[in-house]
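**Q** Below: one structure in structure tokens.
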Amino acid sequence: MNKAAEVSTERHNRSPTIDTTLRTMKLRLLRCLRQQPAKPAAVMAQKEDQFPVALDHHVLKDLSKGARDTTVKILLLGTAESGKTTIIKQMRILHINGFTDDERREKIPEIYQNIHESILQLVGQMGALGIDFGSCTSERSADYILSLPGSAPEYMNEEYCDHVTTLWNDVGIRACYDRSNEFPLLDSAKYFLDNFVRISDAEYIPSTEDILHSRKITTGISQITFRVPIPKSMGGGEQQFQMYDVGGQRDQRNKWIQVFEGIQAVLFLISCSEFDQNLREDPGQNRLQEALKLFRAVWQNRFLASAGLIVFLNKYDIMERKIRAGKHIVDYFPEYEDFCKRPQQDNCFGESDWTKMFIKQKLVDITQEPFKRHSRNQVDMGTSERECYYHFTVATDTRCIRDVFCDVQKMILSENVSSMGLF
């Protein structure tokens, strides 16, 4: 494994802060200002646009130099299955040379398990939804699958592969899949079952896309460290990042506080596609409602008051497919109807655009709510102008995440500069 990547489940010591670096730069700036000789007004007018540019260059250069010795800690938060672990994988692909062949082979059991759980879920829900199989052959294949344990076979033998292929091609199973919002099913079920012939090959080695679509429940805390070039416009050099991934299930959230200390930015992931689904751990709770409730708790958390907050409105591609298939958010959020009566929003040309803007507005409204109590931190949460940044993402799309993380990196560096109080 590349030495730049350190994945662990242990709590780490607090990373160095930039306070000393910023204090030094402020003192240097004051000395520069005191040493500036008096100039005629005409000369000052000619130079008024040049001096700040030069000053910015030197300050940013110093900031870049200090950044090389400073680690930016980013915490990924959100409900289960929102895409947090996929972001960790993307950082590895983008900044740590991806996965070796041995590491790819290690993902095979995980992918096999995803396929096995998916076909088991689909077969098991047929009766509950009142859907019939399309043929007697499919019924026999269903009996075979239901006779197996919950764990996937170690090897994809011919008999198993024939039964899975028969079932996925069955009209009844496809009708069941179309109603998968009514029961727990992996988002990647269709992807893996569509690619089952390739995956079941004896010489199969997972592709990068396969790894991005695979899912394993996150428990505990994992961390990845990587370095990213700093744009020349912001001083150049490199910035080290530590990104923390934590489990999003309700029974895992009590562990989150272990990594709150020293966090400079929170990436909160919310799945746009889950407006019509309920939690695995609480079948009576809408997933999107749960995500909004969790976002409110994170936004108002006093331990994260000084951290920048970026929201990834993830899986909008799945949301768009659902809307094209005839599912509508208004059936689960009646207030959507009134939202659409507002004056025409920019870039809202159809139901998918309106749905995206509706979910984003839900988050914006939360950030404008009064805080239930003031933070004990130095930041006055009741009066400070705290900002939240929003990005629509597809976590499995490497190009999308590369572009978005570039924006996130610039935002974090800009926040560091602005914290000097100079700009």
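The values are calculated or read from the model by the stated rules, or taken from the named source; none is laboratory data. Treat the numbers as computed from the prediction; the structure is a model and nothing was measured. Here the Cβ positions follow ideal geometry from the backbone for every residue, glycine too, while neighbour counts run over all protein chains shown. Each accessible area value is taken on the protein alone, full model and side chains, heavy atoms only, with ligands, DNA and RNA left out. Shrake-Rupley method; radii C 1.70, N 1.55, O 1.52, S 1.80 Å.
**Q** What is the magnitude of the charge dipole of the range 101-213 about its Cα centre, with +1 placed on the Cβ of each Lys and Arg, -1 on the Cβ of each Asp and Glu, and no other charges, expressed in debye to the nearest 20? Don't jump to the answer; show the numbers that get you there.
**A** On the way: 8 positive and 22 negative charges, 74 e Å.
Roughly 360 debye for the range 101-213.
**Q** What residues from the range 102-135 fall in the zone where the backbone N is under 13 Å from a label point 7 Å along the Cα-to-C-beta line of residue 151?
**A** Taking a point 7 Å out along Cα→Cβ of residue 151, the residues of the range 102-135 whose backbone N falls under 13 Å are 109-110, 113.
**Q** 7 Å from Cα along Cα→Cβ at both residue 328 and residue 349: what's the point-to-point distance in nm?
**A** 2.2
**Q** Then there is this: Starting from the Cα gyration tensor of the range 101-213, take the square roots of the eigenvalues, sort them a ≥ b ≥ c, and report rounded, prolate or oblate (rounded when a/c is under 1.5, otherwise prolate if a/b is larger than b/c, else oblate).
**A** Details: a/c = 2.12, a/b = 1.59, b/c = 1.33.
Taking the square roots of the gyration eigenvalues as a ≥ b ≥ c, the range 101-213 is prolate.
**Q** DSSP beta bridges in the range 252-320, what fraction antiparallel, as a percent rounded to 5? The partial results should precede the final answer.
**A** Details: 1 of 8 bridges.
Close to 10 percent.
**Q** Moving to a separate point now. Over the range 101-213, with the other protein chains present, what is the accessible area per residue in square angstrom, probe 1.4 angstrom? Before the final figure, lay out each step's value.
**A** Working: 5560 Å² over 113 residues.
Heavy-atom accessible area per residue stands at 49 Å².
**Q** Then there's this: Could you order peptides 308-317, 204-213 by the average number of other Cβ atoms within 10 Å of their residues, highest first?
**A** Numbers: 308-317: 22.7, 204-213: 18.0.
So the peptides 308-317, 204-213, ranked by packing, come out 308-317, 204-213.
**Q** Give me the percent of the accessible area of the range 101-213 that comes from carbon and sulfur atoms, probe 1.4 Å, all protein chains in place. The partial results should precede the final answer.
**A** Values: 2630 of 5560 Å².
With neighbouring chains kept in place, the figure for the range 101-213 is 47 percent.
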